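Below is one structure, written out as structure tokens; comments come after it.
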Amino acid sequence: MNFFSKNRMILIIFSVILLILMIGFSVSDRTYTTKAEMFVGDSVASSQKAIGGPFNVIGSIFGPSKKEKELEAKLDMLPQLEADVKRLEEENNKLKEALDVSSKLDYETINARVISRSPDQWLNSFTIDKGTKDGISEGMAVTTPKGLIGVVKRANGSSSFVELITTDSAKKNISVEIHNGDKKHYGTIENYDEDTNTLVVGNIVNDGKIKEGSKVYTSGLTSIFPEGIIVGEVVDTENDSYGLSQNANVKMESDTNDLDMIFVIKQDPKTAEDDK
Amino acid sequence: MRSILLFITFFIMMFIDFSFANFSPFTLFGIEVYFVPKLVFMMLLLVSIYFGLSYGMFFSIVFGILLDIYIGTVYGIHLFGFVAFIIFMHTAFRVFYRDQVGLFFVVIVNTFLFDFFIYGIYKLINFTNLPVFDYIALRGIPSLLLNALLYIPLLFIVLVLRKIRKNVFVKQL
């Protein structure tokens, strides 16, 4: 402590610089997880699984079993499947016209369970019990049975850290399409409006009024997200200040506060390569 | 022995903090109210008083890094915050923790300030746009009340741990 009292000023300045550097590192656009992060993440996740184990057993005795929950989750996924069928039909028609186009809808899902939510409750991020061993990697889309909810931010060996799309750092490059009757409008998720609890989709070309209730899907145009994942539905729209483009407020289909079973969308590597 | 038990207790407190995220936020009259426990932080403060500053520093660094990596989107907040607040408490509030009531207020006020510090950083880097008044009313005060309730059993645990002899294994030999 003698050392500290003598060099207090230097230590404070050094600590502040270190904090700024660490914040800078963590908010930078990196697409990998370091080995140290993997190790710490996995060891805390596995100890949490061990501590939470007995509680889960008690929960499964009184509540629905794991299998029942999975079945329920699959049943909830029906709207997504119906949407996929509709889109596949449309795509099939287009493919008949142009035979050499590959499908963008090829993806498989990995079932995962939420093992912990962020205790500081600022960013609403959470940890799931599957990692790189199960084929998960950074940047993959995460959905509930009802629709898109987040992005895998860091993938450890047997656990992963997921950020909700309502978080600022998770929303980069999520391109969406709005199905307004027969017409499609393209835009990108700009931010999350905490007052109205809606996602704001911006940069939509102003060519016609978007109806309320129009469904919003991922477009598959940017990032490695596949096409056709339900995001939500349009609540209202407004023109930007120049009137050239419009913004749409989109209510998410998924409830961010009630998460248990989730699905990580693993896009078929072949089609992912085609997208690049 | 004491250090091992302290470590295990810290881990358990961390998981109690985690488990609260499953209940909170509560929707009261259509408004979301957050109750955020800060058991790890409060225990760090108590350990630094009852076991010594070096113990507090050691556990601050270990659990600061653990929390930053496991739950943090922004690194450094917990690590820096834990260490800075322990030093801050020992410098600014030294006079107040002579008696139990004084200690209670020191810990609770510091817990509130620590959460406010995290809010400040998130606000600074534009991760939240919650107005200050909303933060205090919907998160700061409810969390303060929850932490005041949790303080009493926590103090009891720390006092019990303090009674455990440091060198229990050596004595047995």
Selection from the range A:37-55 of residues within 8 Å of chain B (Cβ to nearest Cβ), within 24 Å of the chain's Cα centre (by Cα) and among the aliphatic types (A, V, I, L, M) yields A:Val40, A:Val44, A:Ala45
Could you count how many residues in the range B:10-34 are under 19 Å from B:Phe58 (Cβ atoms) and open to solvent by less than 20 Å² (accessible area, probe 1.4 Å)?
3
Across the range B:35-65, which residue is nearest to the other protein chains (Cβ to nearest Cβ) among those that are out of contact with any Pro (no Cβ under 7 Å at 6 or more places or on another chain), within 24 Å of A:Leu123 (Cα to Cα) and open to solvent by 30 Å² or more (accessible area, probe 1.4 Å)?
B:Ile65
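Yes/no per residue for (1) farther than 26 Å from B:Asn22 by Cβ; (2) surrounded by fewer than 23 Cβ atoms within 10 Å (Cβ to Cβ); (3) away from chain B (no Cβ under 14 Å):
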{"residue": "A:Ile128", "(1), (2), (3)": "no, no, no"}
{"residue": "A:Val142", "(1), (2), (3)": "no, no, yes"}
{"residue": "A:Thr166", "(1), (2), (3)": "no, yes, no"}
{"residue": "A:Tyr186", "(1), (2), (3)": "yes, yes, yes"}
{"residue": "A:Asp193", "(1), (2), (3)": "no, yes, no"}
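Residue by residue, here is whether (1) modelled with pLDDT of 75 or more; (2) touching a strand residue (DSSP E or B) at 6+ places or on another chain (Cβ under 6 Å); (3) surrounded by fewer than 13 Cβ atoms within 10 Å (Cβ to Cβ) holds:
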{"position": "A:Phe14", "(1), (2), (3)": "yes, no, yes"}
{"position": "A:Ile20", "(1), (2), (3)": "yes, no, yes"}
{"position": "A:Ser26", "(1), (2), (3)": "yes, no, no"}
{"position": "A:Thr33", "(1), (2), (3)": "yes, yes, no"}
{"position": "A:Ala36", "(1), (2), (3)": "yes, no, yes"}
{"position": "A:Val40", "(1), (2), (3)": "yes, no, no"}
{"position": "A:Ser47", "(1), (2), (3)": "yes, no, no"}
{"position": "A:Phe55", "(1), (2), (3)": "no, no, yes"}
{"position": "A:Leu71", "(1), (2), (3)": "yes, no, yes"}
Among the residues in the range A:128-139, are any touching a residue at least 12 places away in the same chain (Cβ under 8 Å) and in a strand (DSSP E or B)?
yes
Filter the range A:200-221 for residues that are polar (S, T, N, Q) and at pLDDT below 85; which is least open to solvent (accessible area, probe 1.4 Å)?
A:Ser219
Tell me the residue from B:Val107, B:Val101 that is touching a residue at least 60 places away in the same chain (Cβ under 8 Å) and either assigned to a helix (DSSP H, G or I) or open to solvent by 10 Å² or more (accessible area, probe 1.4 Å) (or both), please.
B:Val107
May I ask you to list the residues in the range B:64-86 that are out of contact with any Asp or Glu (no Cβ under 6 Å at 6 or more places or on another chain), of a type in the set (A, V, I, L, M, F, W, C) and within 16 Å of B:Val40 (Cα to Cα)?
B:Ile65, B:Leu66, B:Leu67, B:Ile71, B:Ile77, B:Phe80, B:Phe82, B:Val83, B:Ala84, B:Phe85, B:Ile86
Checking A:Glu253 against (1) open to solvent by 10 Å² or more (accessible area, probe 1.4 Å); (2) over 30 Å from B:Val33 (Cβ atoms); (3) modelled with pLDDT of 80 or more, which single condition isn't satisfied?
(2)
Between residues in the range B:110-126 that are over 22 Å from B:Asn147 (Cα atoms) and within 11 Å of chain A (Cβ to nearest Cβ) and residues that are in a helix (DSSP H, G or I) and at pLDDT below 90, which pairs lie under 7 Å by C-beta distance while being six or more apart or on different chains?
B:Ile125/A:Ile23; B:Ile125/A:Val27; B:Asn126/A:Asp168
B:Phe116 - would you say it is of a type in the set (Phe, Trp, Tyr), open to solvent by 20 Å² or more (accessible area, probe 1.4 Å), on the phi < 0 side of the Ramachandran plot and under 13 Å from the mean Cα position of the chain (by Cα)?
yes
Residues satisfying the stated conditions in the range A:74-117, i.e. closer than 30 Å to B:Ile125 by Cβ and either modelled with pLDDT under 80 or more than 14 Å from chain B (Cβ to nearest Cβ) (or both)
A:Ala112
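The values are calculated or read from the model by the stated rules, or taken from the named source; none is laboratory data. Since we're looking at a predicted model, the values are computed, not measured. Heads up, the Cβs are rebuilt from the backbone with ideal geometry, glycines too, and the neighbour counts pull from every protein chain shown. Side chains included, ligands, DNA and RNA excluded: accessible areas come from the protein's heavy atoms. Shrake-Rupley method; radii C 1.70, N 1.55, O 1.52, S 1.80 Å.
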